[in-house]
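**Q** Handing you this structure, nothing more for now.
The values are calculated or read from the model by the stated rules, or taken from the named source; none is laboratory data. Computed from a predicted model, the values in this text were never measured in an experiment. Glycine also receives a Cβ, built like all others from the backbone with ideal geometry; neighbour counts cover every protein chain displayed.
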Amino acid sequence: MCGIIGYVGKENAVPIIIEGLKKLEYRGYDSAGLAVYTGGNFNVVKRKGRLSVLESEIGLRPTSGHIGIGHTRWATHGEPSNENSHPHLGRRGLIAIVHNGIIENYRQLRDELAGKGIEFTSQTDSEVIAQLAEYYYKGDIVDTTIKVVSRLEGSYALGIMCIDEPDTLIAIKKDSPLIVGVSGHGHFIASDVPAILKHTNRVYYMNDKELAILREGSVRFCNIDREPFRKPLETITWSLDSAEKGGYPHFMLKEIMEQPAVLRSTIMSATGAGANRPVIDSLDITGFNKIVITACGSAYNAGMVARNVFERLCKVPVEVELASEFRYKDAILDARSLVILVSQSGETADTIAALREARAKGATTLSIVNVVGSTIAKEADLCIYTAAGPEIAVATTKAFSTQLILLYVLAIEFASRLGRLPPGVAQVLIDEIKGLPDKVAHILEQVDSIQRYASKSVGYKSIFFIGRNIDYAIALEGSLKLKEISYIHSEAYAGGELKHGTISLIEEDTLVVAISNCARLYDKIMSNVEQVISRGAKVLLIGDCHSGAPGVGQDGEHDSEHGGGHGSGHGADLSTDLSAELDAEPDSRLSHIALPQTDELFSPSLTVVALQLFAYFVAANKGLDIDKPRNLAKSVTVE
Ligand code: AGP
C-alpha cells in the first residue's frame, strides 16, 4: 500500500505535495518523492527513508511548479532505495507517474519492453507503467493512458504527467483507492482524504477504469472509450484525525477491516504468476528431513497453526520454537534442515538472532516477512512477502492473517511435492483458500453482534481461551490479542489439559472462550465446555461446528466431498447470522459465534477475525489506547 498525491492549480505544488504526503505516511514510509513541471522539464526529487529526508533534500535544492505528483512508498517489489522510489519516468523523461498497487504481470511487460531495447533503472513493478506509457506515447496522453491500463493486470491508482501537456494531470485506478479533490485554487488527486482535507472537503470518489483529466480550471471524466460523463461531487464530513484512519476510530479496527483485501493480494502473490511464486517454486522440500518454524509473539502463534497444517498435509514432523528460546538452545540443525522464520517487521531482534543461528548451523532459511528490504528479509536465504501493507497498530491483525495464508500455501506445495496428496486435492485446497477472503468479509459484516457481546465482557479479571488441535493454536493468538490491548489477564489452554490443574481457577462467572472448528473433536471440546459451565463459568463458543466428516482425514485422504472439519467451504452457507446466534440465549451461560464453513485446516483464518474483534471491542469499551498499548512496541528490536 502506498500513498499518492497530485496537484494542478495556481499555487506552488511542492508544499501542497509535501504536506499531503505527511498525511499519507501511514500508507507507507520506505521512501518518498515528487516531480514538478518547471522550466519546460520535470524536476524529480526522490529519496529512500522517511518523508523528512525528502523535505531536507528539497530544503537544500528548492524547486517549484504549478503541477506536480508525489508518492510515499510501501515497498512490494524492489527494496527501499532512491532508484526504486517514485515518481518513475519513461526513458526519455516525457512521462512521469506515481503508482499505488501491485502490477501482477510486470515481469512479462518488463521482458517485452526490454526486448525492444528499453532499459530499466529500478526493480519495481511500477516503472513498467512509465516505460510502457512512453513506448505507446504518440502525442496524446489520454490515449496513451488508456492503452497502458489495457495491458496492466493487478491493482493500480495512477497519477500521470506528460511534458508536452504541462497543464494536465491524469488519474485512473483499478482496485486501489483514488479520489479527486476540487478547490478554488486548484485540483487534487490523492489515495485518501487526509492528504487534501486541509485544502478541500469536496471530492469525487473514482471508480475502476474511470479516467480523470485535471487542469487548473477544470476537472473532466471519461471512460476508457473516451466517452465523457459526470460524477457526483461528495462532501467529506470527517475530522482530519479520523480521516487518516479511514473513518475508523483506531488503526487496529481499520486493519482488521482491510483483511479481505490483503488476504486476496497475498493469495494472488502466492498462486499463479504471483511475485512469491519463484521462491515457492524453487523450494525442493524433498531435500529436507527437518522443518522448524521460529518466531515471536503472534508470528509464533502463526507457526503453531501452521504446524497442524504441515503435519496433516505433509506427514512430516514440524517443530515450532520461540525465537527467544531457539537462539540459545544449541538447536540440532544441519544442511538438511529448513528453518522458516516469520516476522511482520523483519526487525525483531530475537528472530534475527534465530536466523543467524540457523544459518551458522548450515540450515536453509526461508523468511515470511511483511516489510520489504528488512533485515530478516535480506539475511534469510529465501524470502516471501505478505501483502498486508503497512500495519500501524501495535497489535498485529492483517499481517498475522496474511502469514497464515503463505504458510497454508507452503504446506500444500510441500505436501504435493512429497506426493502426500491424491491427484487434484492440492487445487481443491488452494480453491478453499481463495474462498477465505469472502468468508472473512462475511464475518466483518456482522461486527455488531461481537461488539455487543464484548461490551458485556469488560469486567472479567481473567479470560481463558480453549481449543483442541488447530483450535488450540489459534486460541493462543486470541489470548495474546486480548492481553496486549485490554490488559485483562488471559490464558490459552488445550481443552483436554484444563482438568490437569488449571480448571481449579474456573469459578463463578469466569469467562471461557471455547473454539470449535474440528468436527472430529466437537464432542470433546463440548465436554470441556460443560465442565467449565458446571463450575460457574460463562462460555463464548466460536465455530460451533457439529460432529461430521473430518477434513484431511487421518489417513491423509482429503475428504473433498465434505472438505473441512465441518463441511466443505465450497459454496458453504454464508447466511450464518452471527447476531442471531449471539443474542439467542441472552441469559444463558453459553453464547456462540457460528462462523462460515471452511476446511478445518484453514478455519484459524476465520476464527481469528472473531477473536480480533472480541479483543478490540473489549479494549474499546475500556477506553484504552488500542493502537499504542502500554509497554509495547510495534517492532521489538531489542532482546
Ligand atoms: C502481536 O500483536 C505483537 N505486536 C507481537 O507479539 C509481535 O507479533 C511480535 O513482537 C513479533 O513481531 P514481528 O512479527 O514483527 O517479528
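**Q** Within segment 67-79, is even one residue charged (D, E, K, R) and at pLDDT 95 or above?
**A** Within segment 67-79, the first condition is being charged (D, E, K, R), and the residues that meet it are 73, 79.
Within this subset, residues satisfying the condition of being at pLDDT 95 or above are none.
No, segment 67-79 has no match at all.
**Q** Within segment 301-326, how many residues turn out to be crowded, with 23+ Cβ neighbours inside 10 Å and either within 13 Å of the ligand (Cβ to nearest atom) or more than 20 Å from residue 467 (Cβ to Cβ) (or both)?
**A** Summing the residues that are crowded, with 23+ Cβ neighbours inside 10 Å and either within 13 Å of the ligand (Cβ to nearest atom) or more than 20 Å from residue 467 (Cβ to Cβ) (or both) in segment 301-326 gives 6.
**Q** Would you say residue 122 is touching a strand residue (DSSP E or B) at 6+ places or on another chain (Cβ under 8 Å), among the hydroxyl-bearing types (Ser, Thr, Tyr) and modelled with pLDDT under 95? Walk me through it before giving the result.
**A** Details: touching a strand residue (DSSP E or B) at 6+ places or on another chain (Cβ under 8 Å): yes; among the hydroxyl-bearing types (Ser, Thr, Tyr): yes; modelled with pLDDT under 95: no.
Answer is no for this residue.
**Q** Can I ask one more? Quick check: anything in segment 448-468 away from the ligand (no atom under 16 Å from the Cβ), in contact (Cβ under 8 Å) with a residue 40 or more places away in the chain and within 22 Å of residue 317 (Cα to Cα)? Spell out the reasoning first.
**A** Keep residues of segment 448-468 that are away from the ligand (no atom under 16 Å from the Cβ), which gives 448-464, 466-468.
Restricting the remaining residues to those that are in contact (Cβ under 8 Å) with a residue 40 or more places away in the chain gives 448-455, 457-458, 460, 462-464, 466-468.
If we keep only those that are within 22 Å of residue 317 (Cα to Cα) too, we end up with 467-468.
The answer is yes, given that some residue of segment 448-468 is away from the ligand (no atom under 16 Å from the Cβ), in contact (Cβ under 8 Å) with a residue 40 or more places away in the chain and within 22 Å of residue 317 (Cα to Cα).
**Q** Related question: Just name the residue that is nearest to the ligand (Cβ to nearest atom) out of those in segment 332-345 that are of a type outside the set (Ser, Thr, Tyr) and surrounded by 18 or more Cβ atoms within 10 Å (Cβ to Cβ).
**A** Pass one, segment 332-345, residues of a type outside the set (Ser, Thr, Tyr): 332-336, 338-342, 344.
If we keep only those that are surrounded by 18 or more Cβ atoms within 10 Å (Cβ to Cβ) too, we end up with 333, 338-342, 344.
Details: 333: 20, 338: 19, 339: 15, 340: 13, 341: 9, 342: 7, 344: 3 Å.
It comes out as 344.
**Q** Out of (1) closer than 27 Å to residue 271 by Cα; (2) not in a helix (DSSP H, G or I), the odd one out for residue 394 is which?
**A** (1)
**Q** If I ask for residues that are touching an Asp or Glu at 6+ places or on another chain (Cβ under 8 Å) and within 24 Å of residue 505 (Cβ to Cβ), which ones from segment 435-462 would you list?
**A** Just the residues of segment 435-462 that are touching an Asp or Glu at 6+ places or on another chain (Cβ under 8 Å), to begin with: 446, 449, 452, 460, 462.
Those that are touching an Asp or Glu at 6+ places or on another chain (Cβ under 8 Å) and within 24 Å of residue 505 (Cβ to Cβ): 460, 462.
**Q** Only one of 329, 290 is away from the ligand (no atom under 16 Å from the Cβ), touching a Ser or Thr at 6+ places or on another chain (Cβ under 6 Å), farther than 21 Å from residue 390 by Cα and not polar (S, T, N, Q). Can you tell me which? Lay out the reasoning, then the answer.
**A** Values: 329 fails: touching a Ser or Thr at 6+ places or on another chain (Cβ under 6 Å).
Testing whether each residue is away from the ligand (no atom under 16 Å from the Cβ), touching a Ser or Thr at 6+ places or on another chain (Cβ under 6 Å), farther than 21 Å from residue 390 by Cα and not polar (S, T, N, Q) leaves just 290.
**Q** Would it be correct to say that residue 236 is of a type outside the set (Gly, Ala, Ser), over 30 Å from residue 335 (Cα atoms) and under 19 Å from the mean Cα position of the chain (by Cα)?
**A** Details: of a type outside the set (Gly, Ala, Ser): yes; over 30 Å from residue 335 (Cα atoms): yes; under 19 Å from the mean Cα position of the chain (by Cα): no.
So residue 236 fails the test.
**Q** Also: I need the full set of residues from segment 325-343 which are touching a Gly at 6+ places or on another chain (Cβ under 9 Å) and either of a type in the set (Ser, Thr, Tyr) or in a loop (DSSP other than H, G, I, E, B) (or both), in order please.
**A** The first filter runs over segment 325-343 and keeps only residues touching a Gly at 6+ places or on another chain (Cβ under 9 Å), leaving 333-338, 340, 342.
The answer is 333, 334, 335, 336, 337.
**Q** Another question, then. Restricting to segment 386-412, count the residues that are within 17 Å of the chain's Cα centre (by Cα) and either at pLDDT 95 or above or among the polar types (S, T, N, Q) (or both).
**A** Total satisfying the criteria: 16.
**Q** Mind listing whichever residues of segment 619-639 are away from the ligand (no atom under 15 Å from the Cβ), in a helix (DSSP H, G or I) and within 17 Å of residue 394 (Cβ to Cβ)? Before you say what the answer is, go through the steps one by one.
**A** Let us first name the residues in segment 619-639 that are away from the ligand (no atom under 15 Å from the Cβ), namely 620-623.
Within this subset, residues satisfying the condition of being in a helix (DSSP H, G or I) are 620-621.
Matches in segment 619-639: 620 only.
**Q** Name the pairs: first residue in segment 537-550 and at negative phi and of a type in the set (S, T, N, Q), second residue surrounded by fewer than 20 Cβ atoms within 10 Å (Cβ to Cβ) and modelled with pLDDT of 90 or more, Cβ to Cβ under 9 Å, at least 6 apart or on different chains?
**A** 547/520; 547/523
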